[in-house]
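Colleague: This is the structure I want to talk about, given as structure tokens.
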Amino acid sequence: MNRISLAAAGAALALLTVSCAGAPPPPNLHLLTAEQPPKAGQNSTADLPKILVAQAQVPDYLDRPQLVEHTSANGLKLLDNDQWAERLSMNVARVVAQNLSAMVPADASIPLPLHGSFPYKCQVVISLNTFELDSNGGEALLAGRWSIADATGDNELAAATVSLRKPASGPGIAGAVDAMSKALGDVSRDIAAQVKRLPQCGT
């Protein structure tokens with residue numbers, strides 16, 4: 001191997017070493033969780049009322065991979081090292097469905113690509129204007145509106161606005177995400193209480 005080849009090989013090795021050393025670590029992934037996750041071996045849900053969590057809407061600036069932290073009245077910070085394991089809107093819908101299944105109890109689900117019709121008794125829609133972390137107080141912030149409609153989704157049966165602040169349950173982002181789950185649990189509890197009062201929901 002001549003000197004030019006040796007020099008080229010050395011340069012390539014140095015570039016590779018620098019590139020590997022500068023690679024950022026993979027982000028931490030987070031999920032919201034239900035208050036009472038489904039238990040293995042539960043009884044059949046055939047006789048339970050069917051509830052569809054039809055939509056969970058969050059602002060576009062939140063429905064992104066990174067967690068978002070509120071730093072001031074008009075300031076936000078993206079946490080590149082802490083990201084959602086799935087779209088936040090989908091995670092919210094899934095957790096609310098799991099919570100309602102346990103709290104009503106019911107057979108609650110998110111929209112599925114099913115063939116034919118599914119006998120839903122009523123539908124739930126959640127629209128969140130705020131669902132993020134507050135860097136100043138280490139809190140989870142949630143504000144928005146939920147509604148319950150009949151099986152067609154055309155007739156609203158009940159609705160309420162909500163605004164919550166939940167303190168982080170522990171240090172770091174994990175404690176803050178747990179607070180977000182707890183805030184969503186409070187919202188789910190209010191929805192479940194209203195579902196139980198509505199005969200249209202089959203309860």
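Colleague: Tell me the label-point distance for the pair ASN129, ARG87, using the 7 Å Cα-to-Cβ offset, in nm and rounded to one decimal.
Modeller: 2.3 nm
Colleague: Can you pull the one-decimal nm distance between simple spin-label points at ALA159 and ALA143, each 7 Å off the Cα toward Cβ?
Modeller: If labels sit at ALA159 and ALA143, their model points lie 1.8 nm apart.
Colleague: Follow-up question, since we're still on this one. Mind ordering 93-104, 47-58 by average Cβ neighbours within 10 Å, highest first?
Modeller: Put in order of decreasing packing, that is 93-104, 47-58.
Colleague: Rounded, prolate or oblate for the stretch 45-171? Axes are the square roots of the Cα gyration tensor eigenvalues, ordered a ≥ b ≥ c, and the cut-off for rounded is a/c under 1.5.
Modeller: prolate
Colleague: Arrange the peptides 155-167, 183-195 so that the one whose residues have, on average, the most other Cβ atoms within 10 Å appears first.
Modeller: Ranking, from highest mean packing down: 183-195, 155-167.
Colleague: Moving on to the next point. For the residues ILE148, ILE173, what sequence is obtained by ranking on other C-beta atoms within 10 Å, fewest first?
Modeller: Ordered by Cβ neighbours within 10 Å, fewest first: ILE173, ILE148.
Colleague: Something else about it: Taking θ as phi - 60°, what are the ³J(HN,Hα) couplings along the stretch 80-90 by the Karplus curve (6.51, -1.76, 1.60), each to the nearest whole Hz, with x for Gly and Pro?
Modeller: 5, 7, 10, 10, 6, 6, 8, 3, 4, 4, 5
Colleague: Okay, moving on. Cross-link candidates for LYS77: which lysines have Cα within less than 23 Å, leaving aside residues fewer than 8 places away along the same chain?
Modeller: Once the sequence-local lysines are set aside, what remains near LYS77 is LYS166, LYS182.
Colleague: Between ALA23 and GLN57, what FRET efficiency follows from the Cβ-Cβ distance if R0 is 30 Å, with the result rounded to 0.05? Write down the numbers at each step before the final one.
Modeller: Details: r = 36 Å, r/R0 = 1.20.
Plugging the Cβ-Cβ distance into 1/(1 + (r/R0)^6) gives 0.25.
Colleague: Rounded, prolate or oblate: which fits the stretch 105-195, taking a ≥ b ≥ c as square roots of the Cα gyration tensor eigenvalues, rounded meaning a/c under 1.5, else prolate when a/b beats b/c?
Modeller: Values: a/c = 2.78, a/b = 2.08, b/c = 1.34.
Prolate.
Colleague: Under the definition of Cα pairs under 8 Å and six or more residues apart, what whole-number percent is the relative contact order of the stretch 44-203?
Modeller: Values: 324 pairs, mean separation 39.6, N = 160.
Across the stretch 44-203, relative contact order equals 25 percent.
Colleague: Given points 7 Å out from each Cα along the Cα-Cβ axis, report the ARG197 to SER169 separation in nanometres with one decimal.
Modeller: Placing both labels 7 Å beyond Cα along the Cβ direction yields 2.8 nm.
Colleague: Can you tell me the order of 67-73, 141-147 when each peptide is scored by its average per-residue count of other Cβ atoms within 10 angstrom, highest first?
Modeller: So the order, starting with the most tightly packed, is 141-147, 67-73.
A short reminder: the numbers here are calculations on the coordinates, not readings from a lab. From a predicted model like this one, the values you see are computed outputs, not experimental measurements. Here the Cβ is made from the backbone with ideal geometry for all residues, glycine too, and neighbour counts use every protein chain on show.
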